[in-house]
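Enquirer: Attaching a single structure in structure tokens format; questions to follow.
The values are calculated or read from the model by the stated rules, or taken from the named source; none is laboratory data. Worth saying up front: this structure is predicted, and the values here are computed from it rather than measured. So basically every Cβ, Gly included, is an ideal-geometry build from the backbone, and we count neighbours across all protein chains shown.
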Amino acid sequence: MRTSGTTLAAAAVLVTVGCSPQAATLPPTRTVIRLVADTTTSQPLALAYARSLPDLTIELTEGVVGSGSTVAALLRGEADLGFVLADVAYFANLALAEHPDPSLRTLRGIAALQTAPIHLLVRRDLPIDEISSLRGLNVRTNAAFASQSLLAQLVFRAYGLDIDDLRSDPLIRDFLVRGGNLDGDAAFVTAYYPAQSARMATTLGARLIPIAGPIAERLRHEYPFVRDVSIPAHTYPGQVDPVMTIGVNRLLVCRADLDERIVHDLTQQLINALPSMFASRRVSPRLMDLDEVSATPIPLHKGAAQYYRERELTP
């Protein structure tokens, strides 16, 4: 675990340290906010913060991979905020609530961002129309779904399956095609649409299967991080109709002990920056509903909650 030395915001706040002439010559201090680096959103957000919050120094914390590791870095005090998937944040917060050490730093929400839908893809020649029919098949998953063992177990068990029912290599494959052919019988891809791996698979003849109906509805009611989502028609080759499925939100979260005013400003500038962050991307994040941005499945940080009350965005 390491923090990059690249500073994305150079301006700082001048702190009053006394009235002597020597005090006036001291260099200004900076409030450093450490944002966990990822491959999609952290860099544009850090740049947006650098432009709009000159009183803060934003540093990217490198070497932290995945939602679970991001939560761990926050709780250990090695980072201040980061992006995690909602199910990971939800179960982590439940565990923290029961922890015997009350001094343990707890997790707080800043914003619920776009929903990442679960794509269930199967070979076109297989007579499969729901998850329960996957028993005994060779199933692949992309890294996002495989790394979320909690979500995988919840979904599989809801449909009467266990991980052991699936004939799969270790659930770590990022690609569903190999050598120009489909690799396996079926696959789960948790990603914003259009997902490259899902596009490749459907080009080679895979089809999308809905995750809907009473079982999916029960999952949604039992777990506040599970969301209904529709993959629009014609998103992928051969997909002529919308496909209903479920997904999880991506959250921006922080440590509970982060300064309330700072979190208020971070929240405000995140909301202001969202249109420009996603304007050039032809993916589902552009479709997020700002009215839902405060609906995190973990408690909001007080600074974020204050901002949403001001904007009347609190559900």
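Enquirer: So, Leu47, is that one more than 22 Å from Ala256 (Cβ to Cβ), surrounded by fewer than 22 Cβ atoms within 10 Å (Cβ to Cβ) and in contact (Cβ under 8 Å) with a residue 12 or more places away in the chain or not?
Expert: yes
Enquirer: In this structure, does Gly77 turn out to be at positive phi and loosely packed, with under 15 Cβ neighbours inside 10 Å?
Expert: Spelling it out, Gly77 is indeed at positive phi and loosely packed, with under 15 Cβ neighbours inside 10 Å.
Enquirer: Any idea which of Val189, Val226 is crowded, with 18+ Cβ neighbours inside 10 Å, under 20 Å from the mean Cα position of the chain (by Cα) and modelled with pLDDT of 90 or more?
Expert: Only one candidate qualifies: Val226.
Enquirer: Now a separate question. Do the conditions hold for Phe175, that is, is it at pLDDT below 90, buried (at least 19 other Cβ atoms within 10 Å of the Cβ) and under 26 Å from Gly68 (Cα atoms)?
Expert: Values: at pLDDT below 90: yes; buried (at least 19 other Cβ atoms within 10 Å of the Cβ): no; under 26 Å from Gly68 (Cα atoms): yes.
No, not satisfied.
Enquirer: Search the stretch 230-253 for residues being within 28 Å of Val71 (Cβ to Cβ) and polar (S, T, N, Q), and hand back the single one that is surrounded by the fewest Cβ atoms within 10 Å (Cβ to Cβ).
Expert: By that ranking, first place goes to Thr245.
Enquirer: Let me ask another. Kindly list the number of the only condition in (1) surrounded by 12 or more Cβ atoms within 10 Å (Cβ to Cβ); (2) polar (S, T, N, Q); (3) assigned to a helix (DSSP H, G or I); (4) at pLDDT below 90 that fails for Thr3.
Expert: For Thr3, the failing item is (3).
Enquirer: In the set Leu56, Leu96, which member is aliphatic (A, V, I, L, M), over 15 Å from Ile33 (Cα atoms) and touching a Ser or Thr at 6+ places or on another chain (Cβ under 7 Å)?
Expert: Checking each option against the conditions leaves just Leu96.
This table checks each residue for (1) outside any loop (DSSP other than H, G, I, E, B); (2) modelled with pLDDT of 85 or more; (3) in contact with a Ser or Thr (Cβ under 7 Å, 6 or more places away or on another chain).
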{"position": "Thr70", "(1), (2), (3)": "yes, yes, no"}
{"position": "Ala73", "(1), (2), (3)": "yes, yes, yes"}
{"position": "Phe83", "(1), (2), (3)": "yes, yes, yes"}
{"position": "Ala92", "(1), (2), (3)": "yes, yes, no"}
{"position": "Pro100", "(1), (2), (3)": "no, no, no"}
{"position": "Leu104", "(1), (2), (3)": "no, no, no"}
{"position": "Ile110", "(1), (2), (3)": "yes, yes, yes"}
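Enquirer: Being in contact with a Cys (Cβ under 8 Å, 6 or more places away or on another chain), modelled with pLDDT of 85 or more and of a type outside the set (D, E, K, R), is that true of even one residue in the stretch 147-164? If you could, list the steps in order and put the result at the bottom.
Expert: As a first pass, look at the stretch 147-164 and keep what is in contact with a Cys (Cβ under 8 Å, 6 or more places away or on another chain): none.
No, the stretch 147-164 has no match at all.
Enquirer: Is it true that some residue in the stretch 137-144 is of a type in the set (Lys, Arg) and at pLDDT 85 or above? Working first, answer last.
Expert: We begin by selecting, within the stretch 137-144, every residue of a type in the set (Lys, Arg); these are 140.
Subsequent filtering for residues that are at pLDDT 85 or above retains none.
No, because not a single residue in the stretch 137-144 is of a type in the set (Lys, Arg) and at pLDDT 85 or above.
Enquirer: Looking only at the stretch 22-68, filter to residues that are small (Gly, Ala, Ser) and more than 19 Å from the chain's Cα centre (by Cα); which one of those is modelled with the lowest pLDDT?
Expert: Ala23
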